[in-house]
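Visitor: Handing you this structure, nothing more for now.
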Amino acid sequence: MKIAVLPGDGIGPEVTAEAVKVLEALELPGLILFDGDVGGAAYKAHGHPLPPETLTLARECDAVLFGAVGDPDCDNLERHLRPEQAILGLRKELGLFANLRPAKVFAGLEHLSPLAPEKAAAIDMMFVRELNGDVYFGDKGTRQGKDGSREGWDMMSYTEKEVTRIAQVAFRTARAGNDKTRVTSVDKANVLETSQVWRDAVNAAAGAHPDIELDHMYVDNAAMQIISHPERFGVILTGNLFGDILSDLASAAVGSIGLLASASMGERQTAHGLFGLYEPIHGSAPDIAGQGKANPMATILSAAMMLRHSFGLNAEAERIEAAVAAALGDGIRGGDLGGSHGTEAIGQAVLERL
Ligand code: NAD
Ligand code: IPM
Ligand code: MN
């Protein structure tokens, strides 16, 4: 079992280090970790945010554990050299089109949410976000606009095939979650042609899944209802941009972005399971980087998702998740949750409860 560890920038290395300690503590036979440079750190060392050797390393491993990329020093670089291009490049080059982002309140931890306890208790949704298309990967540029001023443009598009394959992931995920047979597809079909193709393709794909309860919701309404009626959601199927925004929104409802993990997968099978990239949904948090304040739980929970999805190690994944829940239950909280525990103290608390 080979894992590429790509810590990246800002708090990325801090949170990844704690997740690595958790993985090592499990003493999994045959586990080998390899380090690679990515993001602004890779740009500074090699002149590129995703150096070829990092991409090769990722391809040669069975899974990738990713921290975060993004560095204010790099915000004025040409777009193709910015740190964020590294994660976009990995997702695209590795064919990782399906991004799973669970947003769930652990039982007994409803008080971490800003929502009323009975609403918080109902938060148990899984975002299935398309990751290889949408406005992220369309043609883009700047030009002189019709009014004579500078104009930026980004092309949004989805093909039926792209929508069908992510819809199938959502339906399979809903079935696996048994209590989550409801799929809500989120789009903006009242305005966007891209979304009309999306909606039609989702409906067509649903024909083969009569057991799934499918509904459609406009993205603005979805943003409202995720907060006001979280109990209405099971699997939320959506595109790249809407999924990015709605999953950060849901993290606030759970209590903190420092708690939300993710898995990004495609179709490639390894000798151990499905190849995947695992990362917290948050970024490099330059405002708190280098201060030992970041909550590593999202990254630790991402490592648990790795064990489950890429290595079939469900019991070990559950051990990690239970240890995180126990640490939170015992009052171990980072500043993001109103507590005062630092990154290493939180990591240590999880290790002690494994
Ligand atoms: P961010 O997620 O990095 O931070 C948003 C806020 O949440 C900040 O106040 C931060 O301190 C806080 N926060 C985030 N993670 C935390 C944690 N684990 N513990 C405690 N607090 C945490 O979003 P941003 O500020 O918009 O972006 C910063 C940089 O990260 C940008 O360069 C952005 O492009 C990049 N980014 C990268 C990824 C990724 O690598 N996948 C994801 C999102 C943003
Ligand atoms: C995320 C991030 C990325 C995204 C950025 C850094 C490219 O916000 O992983 O959620 O938009 O997908
Ligand atoms: Mn995001």
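Quick note: the coordinates plus some simple rules give every number you see, no bench work behind them. Note that the coordinates shown come from a computational prediction; the quantities given were computed from them, not determined experimentally. Backbone-built Cβ (ideal geometry, glycine too); neighbour counts: all protein chains shown.
Visitor: Give the long-range amide H neighbours of Ser157: residues separated by 5 or more places, or on another chain, with amide H under 5 Å away, using H modelled in the peptide plane at 1.01 Å from N.
Guide: Asp134, Val135
Visitor: Do you know the relative contact order of the chain, to the nearest whole percent, from alpha carbon pairs under 8 angstrom that are 6+ apart? Mind dumping the intermediate values first?
Guide: Working: 769 pairs, mean separation 75.2, N = 354.
RCO, the chain: 21 percent.
Visitor: What range in the chain is the longest one free of GluC sites (Glu not before Pro) that are in a loop by DSSP and have at most 10 other Cβ atoms within 10 angstrom?
Guide: The answer is 79-354.
Visitor: Something else: Any idea what % of Cα-Cα pairs in segment 304-354 are farther than 17 Å?
Guide: Percent of Cα pairs beyond 17 Å in segment 304-354: 38.
Visitor: Just the ratio, please: alpha-carbon radius of gyration of segment 69-197 over 2.2 N^0.38 Å, N its number of residues.
Guide: For segment 69-197, the normalised Cα radius of gyration comes out at 1.36.
Visitor: Given H placed on each backbone N at 1.01 Å, which residues far from Leu237 in sequence or on other chains put an amide H within less than 5 Å of it?
Guide: Under 5 Å from the amide H of Leu237: Val128, Thr184, Ser185, Val186.
Visitor: In percent, what relative contact order does segment 110-254 have, based on Cα pairs under 8 Å that are 6 or more apart in sequence?
Guide: The value is 37 percent.
Visitor: Convert each backbone phi in segment 190-200 into a coupling constant with the Karplus relation 6.51 cos²θ - 1.76 cosθ + 1.60 (shift: θ = phi - 60°), then list the ³J(HN,Hα) values in order as whole Hz, x for Gly and Pro.
Guide: For segment 190-200, the Karplus-derived couplings read 6, 10, 9, 4, 3, 6, 5, 4, 4, 5, 4 Hz, x marking Gly and Pro.
Visitor: If you take the alpha carbon radius of gyration of segment 57-134 and divide it by 2.2 N^0.38 Å, what ratio comes out, to two decimals?
Guide: 1.51
Visitor: List every residue whose amide H lies under 5 Å from the amide H of Leu313, counting only residues 5 or more places away in sequence or on a different chain, with H placed 1.01 Å from N in the peptide plane.
Guide: Correct list: Arg308.
Visitor: Determine ³J(HN,Hα), in whole Hz, for all residues of segment 162-172 in sequence, where each value follows from phi through the Karplus function 6.51 cos²θ - 1.76 cosθ + 1.60 and θ = phi - 60°; x replaces Gly and Pro.
Guide: So the J values, rounded to whole Hz, are 4, 6, 4, 5, 6, 4, 5, 4, 4, 5, 5.
Visitor: Add -39500 (n - 2.57) for each DSSP H run of 4 or more in the chain, then divide by its residues: what number comes out at 222 nm, to the nearest 500 deg cm²/dmol?
Guide: Value at 222 nm, helices only, nearest 500: -12500 deg cm²/dmol.
Visitor: So for segment 146-286, what are the equivalent ellipsoid semi-axes in whole Å, largest first, each being the square root of 5 times an eigenvalue of the Cα gyration tensor?
Guide: Taking √(5λ) for each eigenvalue gives 25, 21, 19 Å, largest first.
Visitor: Let me ask something else. Sorted from largest down, what three extents in whole angstroms do the Cα atoms of the chain have along their principal axes?
Guide: So the three principal-axis extents are 56, 49, 42 Å.
Visitor: Let me ask something else. To the nearest 0.05, how large is the calculated FRET efficiency for Lys140 and Gln269 if R₀ is 35 Å and r is the Cβ-Cβ distance?
Guide: 0.55
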